[in-house]
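Here's the structure, in structure tokens; my notes come after.
Laboratory data are not the source of any read-out in this text; all were calculated from the coordinates shown. Everything numeric in this text was worked out from a predicted model, so none of it was measured. Neighbour counts run over all protein chains shown; Cβ positions are idealised from the backbone, glycine included.
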Amino acid sequence: MVKTCQTFQPTNIIRKKKQQEINNTKRLSRIEKWKKTQNTIQRSRLSRYQKVTLTDAQIKEHKQNVNTQRVQRSRARVGDSEDQDEVALQRKTPILRWSKAKETYENEIRELYCHICNACGKMCKKNQVQQIKKSTLKEKGFSSHFIKKIFCIENYECEEFCRTCVTYIKKGNVPKLCLQNGLHFPPIDDEISQLNRIEERLLAP
């Protein structure tokens, strides 16, 4: 009689094998779930892009539903009469923007070099000029000849002068750059006035 020896596997190896089997089953179940989800996603995408044939009545009903939804949304947005006024103002935004832009432009233009000194003819900003009246100069004892000489561009009661000219006038002197000192621009001849800009540049020294 031959005795057969039985081979016994250790418990650790058995546990590992069982764990592997469990992991494999779990992995397979996950793969199946993932496949199912992918199939459902693909079906939903296909259903979106499928062509649907509608009748004229269905199309008309759909349009009416869309219009009613729009009206309801607009009413919900507007609400009270005050909100309606705000919406009306918002609809006029291009006009309001244009008026605002025009106002800012005019305000900025006023601050630019738009004021002329009455003695030297220099262009100045609003904050660079000072108004002087003839009556105040007469009260301070200035002669009429002096007043006539410095009021050379405009001969009104109150005129604007630049700061340099004002310092000279306060001292009782005619400003150095006053136009009455022979600094007037000479009259332009008819032949030269008919020239264009390019011809003027060619003839200029």
Going by how many other beta carbons lie within 10 Å of each one, how would you line up F142, F161, F151, fewest first? F142, F151, F161
Listing V129, V174, V71 from the residue with the fewest other Cβ atoms within 10 Å to the one with the most, what is the order? V71, V174, V129
Viscosity 1.306 mPa s, temperature 10 °C: what is the translational diffusion coefficient of the range 123-205 from Stokes-Einstein with a Kirkwood Rh over Cα pairs, rounded to a whole number of µm²/s? 105 µm²/s
Neighbourhood net charge (10 Å Cβ-Cβ; Lys/Arg +1, Asp/Glu -1) for R110: -1
Stretch gain in nm, segment I147-R97, where the contour uses 0.36 nm per residue and the Cα spacing is subtracted: 13.3 nm
Once label points are set 7 Å from the Cα along Cα→Cβ at both S193 and N65, what is their separation, rounded to one decimal in nm? 7.9 nm
Counting other beta carbons within 10 Å of each residue's own, what order do Y168, Y156 fall into, fewest first? Y156, Y168
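Mind giving me the FRET efficiency for Q128 and R73? R0 is 45 Å, r the Cβ-Cβ distance, nearest 0.05 is fine.
About 0.20, to the nearest 0.05.
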I need the calculated FRET efficiency for the pair E106 and Y156, taking r as the beta carbon distance and R₀ as 22 Å, to the nearest 0.05. 0.40
